[in-house]
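This report concerns only the one structure given below.
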Amino acid sequence: MISNTTSFTKFCGGEPFWNLSLTWYTSNPDLTECFQQSALVWGPCGFLWLTLLFYIRALRRYRTNPTPINKLNTLKTINGIILTFICFITFLKAIVDKSNGKLEAEIFIVSPLIQTVTFIVSTILVQIERRKGFIKSGIQWIFFLLSFIAGVVIFASKVQHAVNDEVQDKFRFVIFFVYFGFLFIQFILFSLADLARTIIPAGKKVSPETEASFPSYLTFWWMNRLIITGYKKTLEEDDLFELHPRDQSKNVAPVFKKAWASELRRCNWAEELREKARNRLNTGMTDSSYGAIRSDKSSPFTTGGDEDNERTRLLPSRSTSEVHIKKPKKEPSLFKVMVKTYGFQLFKAHICKFICDLLLFLGPILQKQLIGFSKDDGAPNWKGYVFAASFFLYTIVYSVFFHQLFHIGMTLGMRIKSAFIAAVYKKALTMSNEARKTSTVGEIVNLMSVDAQRMQDVTGYLWMIWSCPVQIALAMYMLWNIVGYATLAGLGVMILLIPVNAVLASFQRKFQISQMTQKDQRIKLMNEVLNGMKVLKLYAWELSFKEKVNVIRNLELETLRKFSYLSAFGTFTWTCAPFIVTLATFSTYVLSGHGLTSEKAFVSLSLFNILRFPINLLPMMVTYIVTASVSLKRLGTFLKSSDLDETNVQHDPAAPHPIQISNGTFAWGTDENDHPILKNINLKVDDGKLIAVVGQVGSGKSSLISAVLGEMIKLEGKVNVRGNLAYVAQQAWIQNKSLKDNILFGKQCNDLRYDRIIDACALRPDLDILPGGDQTEIGEKGINLSGGQKQRVSLARAVYNDADVYLFDDPLSAVDSHVGKHIFEQVIGPEGLLKTKTRVLVTHGVQWLPYVDKIVVLLNGVISEMGSYEELLSHDGAFAQFLKTYLQQETDEDEEEVPELQEIKARLESVSDDKIATVGSVGSSNDSTHVGSYQRQTSGTDGVNPKKLVRKFSRVSSVEEKEQLEEEMKKKMKEKEAEKLIQEEKSEVGKVKLSVFIAYLKSMGAACSFGLFFFFCLYQLASVFANIWLSWWTDDERLAGPTNNTNSTNGTDIVALEEYYLGIYGALGGGQAFFVLIYAIITAISVVNASTVLHEGMLFNVLRSPMSFFDTTPIGRILNRFSRDIETIDNILPGIIRSWMNTMFTVISTVIVISYSTPIFLSVVLPLGLLYYFIQRFYIPTSRQLKRIESTTRSPIYVHFSETITGASTIRAYGVQSSFIKENDDKVDHNLKFYFSSIASNRWLGYRLEFVGACIVFSAALFAVIGKKDHIAGGIVGLSISYALQITQSLNWMVRMNSDIETNIVSVERVKEYSETPAEAEWNIDRTRPPREWPQSGRVSFDNYSVRYRPGLDLVLRGISCQINGGEKIGIVGRTGAGKSSLTLCLFRILEAAGGKIVIDDVEVDSLGLHQLRSRLTILPQDPVLFSGSLRMNLDPFSKYTDEQVWHALEHAHLKDFVNGLALGLDYECGEGGQNLSVGQRQLVCLARSLLRKTKILVLDEATAAVDLETDELIQKTIRSEFASCTILTIAHRLNTIMDYDKVVVMDKGQIIEFNSPNSLLKNKNSVFYSMAKDANLV
């Protein structure tokens, strides 16, 4: 070691490398020439060389457009060449001097050479960076920063030598100053960013981060423009810049997708899933019932169904867990994928944290030196100033690394969230139907909204896992050096707390899992409630379902309450822990006979304050890890679920037939009870042919379409489809876009072709009615279109798609007869637009069958017959039986027959021995003859005598329910232009109103709110006074004597005094523990109170909101409030409030303590306070508004997702998954750009506040140095610095918490908004409660009744007056927009009167409560809506009726045998939306509801729209028999269904223009009714 030192000294020309006498122990410090020429030169150069390899590798991977040659990179290059030349000249001069013997030190040769080579490399790097488009170089900037700092030191030394001594080497003296000047210029040039060549769409703003220079990047200067904009005005969406390319979904999602796919392949997971399926199927095949489908001649239902009638089994399936499945060898690990994909980025962030942790302990080291300096009267002042400056510099450097840690970590978390949302969305598009059974829409929304968010949140704080132990270890090591083995006492306390931590973690995990499960259940139920809101209101069931939601919510709150008490205990434990550790250490140290000096006490206290952070973070870390593991497991489980098997359908372009199924057997699931729906299917469809698929309900028609689409599980056989598909579902799927966009479906518009399709699909009259024509925005789920309109739009979409193969799942049942005929002729039929295409048409309409090329007859899932119409009629097979079934309608002695049906009947009679003469023909429109007819708008049949028509009840188009929207828009628009039905979600602007904070405090409870602040204030006072007491203790001169002489009187007194101080110090700690315990308990109680009150208020008010609110508000938006916002109030806001209180009181106490210690500090409080105020003033408006907009832009993600799930089969059929995934990515990016701006603004704030904090620390240290002449005590200096060291973080967190309080209280604001939306009238009014038997006769009177949709709009019903006697059957007719549905909605007061009155049996309905009115009326709605729960609950939510009454209703609804056949009977679970029942069964359940209510007034609103004719007949028979004495109001479009009614109401433009019996109106050939009948070919 000596020889090495000697060699280096010789290398430096005999001068030592380091000389303490010259550097430290002097009043005029300087550095040796050897140190200046070696360390200060080699250090910066060494940094560049050490990082060069990594930098070059990074540049090679960098892909962007080259930067053009410009002034900046040219100046950098020229300046680099000049620096190289200067160093080379210096090197040559040293060589010459050496050769001349003028220079002995070889270092003067080596150092310029190293600099020359380094500057050459730097200059080359400039050009490489330019060609790679690298606009900022952090490595080069740091290199020139280090070189410049080293140059400043050398500069100062040379100036000092020049002043004190004569300059010896003038050349090197001059050349250095030239070099230093150019070095400074180069540093400035590298502090600027080069011009970026970013390609971005017009109108978009590039992310300023991509254009920022490296210093701007480090200090977040690039956020200035947005912060200033937010200060000057309320931020709007257009003010924001686009996401950084690295954060965009299109770049993020593929990386995660590839890694996850690789993991699935590694585990061979697809094969594992198939093996499970085979095991289940093998188990199922041992069942003797395999291969047979239940058939019951007495019941129309052969199998259950969902929207396609045949998908869902009726019998409950046995849990798959009962089937023994071999455990897979390897399970895919989502955690491994996360590490593999994001580990390196996280490592970069954690490197920053590691540097932060090392820098953190510089504070106590400098504090020790400063306290020692204050006690050393002989120490030169420059040392004190160096210590003060060191505090400032270390704080700034710490701040840079700390905020880079958070910026990298938080943006990475954002990318992880984006990746998970993309993965969940894509999975929802590809998951199998079996997997879908285990994941409801609500649960998947929770995965996207809650679990993905939690993964984002935890990513930014994962460093806690290792950083907390590292900080604790370093602090304990330094404490050991200060107080020795007394440190073990503190360590012992922390070790004792580990089991407490373990128990807390265990319970927290349990409660988290429980709470998430309950949250899923609540959101699932809320989703159903919102979807079925109209039914709830019509049946007055809001309270029942409110109770059902509250049952789940109460379980959730009970879990939250337990979690809060656990958190209270954790808060108590971890808040007291640092003081207990301090007390244990000091007690052991003092009681072992050591004296506690100010240096030891306050340096230890600073270390304990550092310890406080990791110890306090431990519970947070536990919570984060627990929540993250729960969410990661949930996400992993979902992403591992099975997908639709792509091999179900092959796509061989060389296949001879467009559709070919060979020996196909198909099922909807692989569970042992999932029996095959279709068996031994053999079907070949030739090019350009029209194939009809017919059969009775449950025979498998829709399933056959699904099998061709690949939606079903193929158990056996082969399916091949050649060419692309277009699919028209039985229940039309419509997007929340314009009508035109729905038709185009992402394709380019060809105006000529588009217009032809509009006419062919009979949409032209609808465009004339719709206010914006084809630019009219269609509401969520097509809410402002009728069923027929929706189906025609769906049909037009398919036609415009210009596919090779068309699959039609009974689309003509949703339109009335003459429209159906038009569509068949113009689109589907032999002469239609699609005549050259291959078409498969599922239909119940026998009138189309003579025109098809081939008919496929399905019976119990098997193709029983197949052939042309003539071939099948030529023998009495299943097809003939099918026709018989649907021709056996009610007969009329004198009725005439429709010509087409006469022919069909005649043909049947000719081939059958059975007599059909007793059957009678169908005396109604063509629509009557086919199954499952949906909404009609007008009537139409040919040559039928109206007097001889059979009475049937009609369907109503749901468009009338939205007449108010159409009328309002027509009044507002003079020309056809787009009109927004679904308004953009509003966000508040400006400061969060005080009323929001007051509302939250009120929800917590006034006493709790006061107690919470009061006891926390007492805790802080005790904490501050304990530290002041410690300063008094260490400055007590009586303790300065020896403490080891315990036998002397003086020693005894000192020991007693030490114990006195220690006792008071411990008592103050006990006070802190008591106060914080009371505070924690009050907090636990109050936050649960707040969650209860706020959710209850929103739920109650949403249920009381009028239907117009639900028509114009997407369900996803409402669910977002019940999901994300309630989650914030439950779990996030309480923690933020605790942190806010802690930081606020810490900052206040710090300012007080420093001012107490050094009163001169008050001189900088005002300027620093003003600086702090202005920084906060700039930041908070921006942050607040960003959070608000981020919240509102989050809802469209979930709305779009719900929409996608609903239409998943259609999206897959058209093969447009990629465009929907892109749309989802765009919505996520749009939302995340606000989140990114929010976290970047947090970093902008943090850096600036920590600069203020650095100024405070510097001021405290500087004033301690200045106060040395006033003999300021060491304890006071220690106390001041201890608190000052906390201020940096506390100031940052204080404004952060202020902002977080405001940004998260926005959730309270949003919940409060939905708690105060306009509500309907009161549900119950005691003073006007009607008699129990009301209405007695069912007499209804409209007296000059008028209604408008909203105040200020025109009337839509104008002076309606009519008298309806009890027991009368009234048909209501009129063209679209006449006001028919409005009239019936007024009866239920869905719309409120603007004038006049409605009287039912002498009682004005306006005087009643809504429930008092609606519970006494009955409506059989158009769409059968059921809810999750038992059959019993769906029939009688209030449990008002006995089981006997329920069974009686089921018997009359023709459901008794079916329910008796169920193992659980009335307790049978209906499933989400009633999915475990077929559509027909759901309609019969609705009929049973009506039978239970059995009121005197019945409204039929397209009651049999969703059922086949067989079910229709059952419903009609029941209505005729069970409601014979009731008043019946039927909205009719098919006039033939009301010809035998007592009276007909004809409406036009909101007025009754005719009111008489059908016969009387038909006798008057000038009547409107006669003209309508004539248009329908009834007369």
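Quick test for you: out of 655, 692, 707, pick the one residue that is over 30 Å from residue 259 (Cβ atoms), touching a residue at least 12 places away in the same chain (Cβ under 8 Å), in a strand (DSSP E or B) and of a type outside the set (Ser, Thr, Tyr).
The conditions single out 692.
Filter segment 1076-1103 for residues that are aliphatic (A, V, I, L, M) and either under 16 Å from residue 565 (Cα atoms) or open to solvent by 50 Å² or more (accessible area, probe 1.4 Å) (or both) and give the result.
Within segment 1076-1103, 1076, 1077, 1078, 1080, 1081, 1082, 1084, 1085, 1087, 1088, 1090, 1093 meet the criteria.
Here's the yes/no breakdown for (1) modelled with pLDDT under 75; (2) surrounded by fewer than 19 Cβ atoms within 10 Å (Cβ to Cβ); (3) polar (S, T, N, Q):
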{"residue": "971", "(1), (2), (3)": "yes, yes, no"}
{"residue": "976", "(1), (2), (3)": "yes, yes, no"}
{"residue": "995", "(1), (2), (3)": "no, yes, yes"}
{"residue": "1010", "(1), (2), (3)": "no, yes, no"}
{"residue": "1020", "(1), (2), (3)": "no, no, yes"}
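Please state which of the following conditions residue 727 fails to meet, knowing it meets all the rest: (1) assigned to a helix (DSSP H, G or I); (2) hydroxyl-bearing (Ser, Thr, Tyr); (3) crowded, with 22+ Cβ neighbours inside 10 Å.
(1)
Can you confirm whether segment 506-522 contains a residue that is within 30 Å of residue 1500 (Cβ to Cβ) and assigned to a helix (DSSP H, G or I)?
Taking every residue of segment 506-522 in turn, none turns out to be within 30 Å of residue 1500 (Cβ to Cβ) and assigned to a helix (DSSP H, G or I).
When segment 758-773 is examined, which residues are found to be modelled with pLDDT of 85 or more and assigned to a loop (DSSP other than H, G, I, E, B)?
761, 762, 763
Taking segment 836-848 as the region of interest, how many residues are in a loop (DSSP other than H, G, I, E, B) and farther than 26 Å from residue 753 by Cα?
Residues flagged as in a loop (DSSP other than H, G, I, E, B) and farther than 26 Å from residue 753 by Cα within segment 836-848 amount to 3.
Just wondering, is there one or more residues in segment 190-204 that are in contact (Cβ under 8 Å) with a residue 12 or more places away in the chain and either assigned to a helix (DSSP H, G or I) or of a type in the set (Phe, Trp, Tyr) (or both)?
yes
Quick one: in segment 117-139, which of the residues that are within 25 Å of residue 192 (Cβ to Cβ), β-branched (Val, Ile, Thr) and out of contact with any Asp or Glu (no Cβ under 9 Å at 6 or more places or on another chain) is most open to solvent (accessible area, probe 1.4 Å)?
124
Looking at 1112, 1083, 1052, which is the one that is more than 20 Å from residue 549 (Cα to Cα) and without any contact (Cβ under 8 Å) to a residue 40 or more places away in the chain?
From the options 1112, 1083, 1052, the qualifying one is 1052.
Which of the residues that make up segment 52-63 are in a helix (DSSP H, G or I) and open to solvent by 30 Å² or more (accessible area, probe 1.4 Å)?
Hits for segment 52-63 are 53, 54, 56, 57, 58, 60, 61.
Which one of these is free of Cβ contacts under 8 Å to residues at least 60 places away in the same chain, among the basic types (Lys, Arg) and surrounded by 17 or more Cβ atoms within 10 Å (Cβ to Cβ): 1416, 1432?
1432
In contact with a helix residue (DSSP H, G or I) (Cβ under 7 Å, 6 or more places away or on another chain), open to solvent by less than 60 Å² (accessible area, probe 1.4 Å), basic (Lys, Arg) and not in a helix (DSSP H, G or I), is that true of residue 158?
The answer is no for residue 158.
When the residues of segment 64-109 are narrowed to those that are among the β-branched types (Val, Ile, Thr), farther than 30 Å from residue 211 by Cβ and touching a residue at least 24 places away in the same chain (Cβ under 8 Å), which ends up most open to solvent (accessible area, probe 1.4 Å)?
89
Which number in (1) at pLDDT 80 or above; (2) under 34 Å from the mean Cα position of the chain (by Cα) marks the one condition that residue 1328 misses?
(2)
Which one of these is open to solvent by less than 10 Å² (accessible area, probe 1.4 Å) and either outside any helix (DSSP H, G or I) or closer than 28 Å to residue 1207 by Cα (or both): 833, 795?
795
Taking only pairs six or more apart or across chains, which ones have beta-carbon atoms under 6 Å, a first residue in segment 364-382 that is closer than 17 Å to residue 395 by Cα, and a second residue that is aromatic (Phe, Trp, Tyr) and open to solvent by less than 80 Å² (accessible area, probe 1.4 Å)?
Listed pairs, sorted by first residue: 366/387; 366/391; 369/387; 370/387.
Could you look through segment 449-469, keep only residues that are over 30 Å from residue 638 (Cβ atoms) and surrounded by 18 or more Cβ atoms within 10 Å (Cβ to Cβ), and pick out the one that is modelled with the lowest pLDDT?
So the residue we want is 468.
May I ask you to say which residue of 766, 802, 809 is surrounded by fewer than 21 Cβ atoms within 10 Å (Cβ to Cβ) and of a type outside the set (A, V, I, L, M, F, W, C)?
Answer to the check: 802.
Assuming residue 821 fulfils every condition listed in (1) touching a Leu at 6+ places or on another chain (Cβ under 8 Å); (2) of a type outside the set (Phe, Trp, Tyr); (3) open to solvent by 10 Å² or more (accessible area, probe 1.4 Å); (4) farther than 22 Å from residue 708 by Cα apart from one, which condition is it?
Going through (1) touching a Leu at 6+ places or on another chain (Cβ under 8 Å); (2) of a type outside the set (Phe, Trp, Tyr); (3) open to solvent by 10 Å² or more (accessible area, probe 1.4 Å); (4) farther than 22 Å from residue 708 by Cα one by one, residue 821 breaks only (1).
If you check residue 40 against the conditions, is it under 20 Å from residue 191 (Cβ atoms), touching a residue at least 60 places away in the same chain (Cβ under 8 Å) and either of a type in the set (Val, Ile, Thr) or out of contact with any Phe, Trp or Tyr (no Cβ under 9 Å at 6 or more places or on another chain) (or both)?
no
May I ask you to list the residues in segment 1447-1478 that are of a type in the set (A, V, I, L, M) and surrounded by fewer than 20 Cβ atoms within 10 Å (Cβ to Cβ)?
1462, 1463, 1464, 1466
Any chance you could count how many residues in segment 470-495 are surrounded by fewer than 19 Cβ atoms within 10 Å (Cβ to Cβ), small (Gly, Ala, Ser) and under 21 Å from residue 358 (Cβ atoms)?
1
Do the conditions hold for residue 428, that is, is it aliphatic (A, V, I, L, M), closer than 30 Å to residue 628 by Cα and either touching a Phe, Trp or Tyr at 6+ places or on another chain (Cβ under 7 Å) or in contact (Cβ under 8 Å) with a residue 12 or more places away in the chain (or both)?
yes
In segment 634-646, how many are touching a residue at least 40 places away in the same chain (Cβ under 8 Å) and part of a helix (DSSP H, G or I)?
Residues meeting the conditions: 6.
List every residue pair whose Cβ atoms lie under 7 Å apart, where the two residues are 6 or more positions apart in sequence or sit on different chains, the first residue falls within segment 171-187 and is more than 15 Å from residue 146 (Cα to Cα), and the second residue, located anywhere, is charged (D, E, K, R) and in a helix (DSSP H, G or I).
Pairs that qualify, where the first residue is more than 15 Å from residue 146 (Cα to Cα) and the partner is charged (D, E, K, R) and in a helix (DSSP H, G or I), are 171/93; 173/158; 176/158.
Just checking, which of 559, 588 is at pLDDT 85 or above, polar (S, T, N, Q) and more than 40 Å from the chain's Cα centre (by Cα)?
Exactly one residue qualifies, and that residue is 588.
Is it true that residue 1259 is modelled with pLDDT under 85, farther than 30 Å from residue 1386 by Cβ and in contact with a Phe, Trp or Tyr (Cβ under 7 Å, 6 or more places away or on another chain)?
So residue 1259 passes the test.
The values are calculated or read from the model by the stated rules, or taken from the named source; none is laboratory data. From a predicted model like this one, the values you see are computed outputs, not experimental measurements. Virtual Cβ from ideal backbone geometry, glycine too; neighbours counted across all protein chains shown. All accessible areas refer to the heavy atoms of the entire protein, side chains included, with ligands and DNA or RNA removed. Shrake-Rupley method; radii C 1.70, N 1.55, O 1.52, S 1.80 Å.
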